[in-house]
């Protein structure tokens with residue numbers, strides 16, 4: 001049986017998709033999968049002669065891996081997923097990872113990046129494929145859109161992780177309260193839950209919930225004596241016992257991601273913490289997340305695209321004079337733009353505001369939204385062209401400063417109004433550094 005599913009099924013594409021379904025039906029049996037988003041068209045499809053399959057019945061057609069770990073949060077999902085994936089592979093599990101970077105199994109990429117959490121039929125197909133390949137554990141990112149649209153309906157999570165909840169996607173959720181409620185809706189069951197105790201927006205079912213914290217010694221996993229001279233080092237406290245933790249990653253936010261990952265594996269698999277800490281030392285980071293592209297002067301790229309995400313990056317470089325290049329995505333949550341400007345002013349000595357993925361908005365209007373959060377614009381350069389903004393920032397960079405290029409991470413494209421162009425911040429930085437410093441790039445990749 002072949003099941004077809006019309007994503008974003010609406011009046012504009014109804015005829016086209018109906019024609020496709022008609023053509024498919026001539027060759028084989030076709031079902032229309034009714035979801036919360038396309039249910040208004042179910043009756044129309046029925047009158048055309050198609051059987052309707054409700055999404056709640058979809059699971060009977062597919063198989064799932066034995067254990068699924070779901071990670072939700074505004075920031076940190078991708079790094080946390082990569083950490084768990086890395087450690088579980090080290091422990092010998094047949095492990096898969098699904099999220100912003102695509103679908104991976106046993107060290108190989110099976111699918112390129114798409115939605116953070118795929119649509120329900122695509123997700124079920126991915127899980128079915130992984131089961132056939134012998135996958136034992138899937139670690140996946142769970143977006144707020146997927147929770148609200150019930151794309152993860154029918155999945156039985158062995159563990160759920162909350163990294164944090166700040167402000168994002170208000171263009172879709174309409175208010176911060178709705179966004180927070182959507183994230184927390186994921187955490188109301190009685191299964192194993194790993195919760196960031198430092199996040200004040202977390203509301204969860206306390207049964208089988210375990211916490212991690214950088215601040216509270218009462219959490220199940222907590223930290224003492226944190227330092228960051230060459231990567232992260234800290235004392236990890238578990239049941240009043242102290243363990244030495246070290247990592248090549250940068251930043252307190254990554255220490256929080258590390259705790260989430262370790263606590264999840266420790267509880268779900270009853271693992272030896274010393275083995276987990278040993279595996280952690282071999283994790284070099286995630287492409288496009290706090291990735292060092294040039295070292296002298298220091299230039300890093302990160303995906304941070306909210307004010308909270310940016311602040312966590314800035315706080316990782318206390319003692320540095322910070323220069324920053326960033327913009328904000330078009331056709332997305334506008335409320336965060338002013339906040340991004342405000343947090344940049346708080347931490348950065350030089351600010352270069354530019355285009356991110358402007359999409360259908362005018363770049364200069366997005367830039368002006370960001371500037372509204374900056375009181376003193378004497379240290380601000382406005383440059384719509386992202387290449388030119390990065391070039392200017394590097395040309396003006398001193399050796400004792402650090403340059404942070406934020407917002408796009410490992411993206412290799414830029415979405416403009418009328419086209420999508422090739423654009424990779426990392427490649428651009430390397431090219432410009434060779435021109436400006438007249439030397440071979442001394443980059444240090446931090447790929448997983």
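General remarks:
- Residue count for the range 66-110, restricted to those that are at negative phi and either assigned by TED's automatic domain parsing to the domain that holds residue 410 or free of Cβ contacts under 8 Å to residues at least 12 places away in the same chain (or both): 2
- Residue tally, condition modelled with pLDDT under 95 and either touching a strand residue (DSSP E or B) at 6+ places or on another chain (Cβ under 8 Å) or crowded, with 17+ Cβ neighbours inside 10 Å (or both), over the range 321-371: 3
- Residue count for the range 139-161, restricted to those that are touching a helix residue (DSSP H, G or I) at 6+ places or on another chain (Cβ under 6 Å) and not in a loop (DSSP other than H, G, I, E, B): 7
- A count restricted to the range 76-112 and to residues that are farther than 21 Å from residue 163 by Cα and assigned to a loop (DSSP other than H, G, I, E, B) stands at 7.
Results for (1) free of Cβ contacts under 8 Å to residues at least 12 places away in the same chain; (2) under 19 Å from residue 77 (Cβ atoms); (3) surrounded by 13 or more Cβ atoms within 10 Å (Cβ to Cβ), shown as yes or no for each residue.
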residue: 177; (1), (2), (3): yes, no, no
residue: 202; (1), (2), (3): no, yes, yes
residue: 205; (1), (2), (3): no, no, yes
residue: 210; (1), (2), (3): no, yes, yes
residue: 216; (1), (2), (3): no, no, no
residue: 229; (1), (2), (3): yes, no, no
residue: 236; (1), (2), (3): no, no, yes
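- Screening the candidates 210, 179, 172, 153 for the property of being modelled with pLDDT under 95, over 20 Å from the mean Cα position of the chain (by Cα) and under 24 Å from residue 70 (Cα atoms) yields one hit, 153.
- The requirement of being touching a residue at least 40 places away in the same chain (Cβ under 8 Å), part of a helix (DSSP H, G or I) and within 21 Å of residue 82 (Cβ to Cβ) is satisfied by residue 130.
- Inclusion of residue 61 among residues that are under 14 Å from residue 154 (Cβ atoms) and surrounded by 14 or more Cβ atoms within 10 Å (Cβ to Cβ) is warranted.
- Test: residue in the range 375-385 that is under 25 Å from residue 421 (Cβ atoms), part of a loop (DSSP other than H, G, I, E, B), in contact with a strand residue (DSSP E or B) (Cβ under 6 Å, 6 or more places away or on another chain) and touching a residue at least 24 places away in the same chain (Cβ under 8 Å): no
- Of all residues in the range 113-125, those being buried (at least 21 other Cβ atoms within 10 Å of the Cβ) and not in a loop (DSSP other than H, G, I, E, B) number 4.
- Which listed residue is more than 26 Å from the chain's Cα centre (by Cα) and at pLDDT below 90, from 16, 62: 16
- None of 301, 293 is assigned to a strand (DSSP E or B) and farther than 22 Å from residue 163 by Cβ except 293.
- Hits in the range 277-287 - residues which are under 19 Å from residue 253 (Cα atoms), surrounded by 12 or more Cβ atoms within 10 Å (Cβ to Cβ) and touching a residue at least 60 places away in the same chain (Cβ under 8 Å): 280, 283, 284, 285, 286, 287
The values are calculated or read from the model by the stated rules, or taken from the named source; none is laboratory data. Everything numeric here is computed off the predicted structure, so don't read it as measured data. Ideal geometry is used to build each Cβ from the backbone, glycine not excepted, and the neighbour counts take in all protein chains shown.
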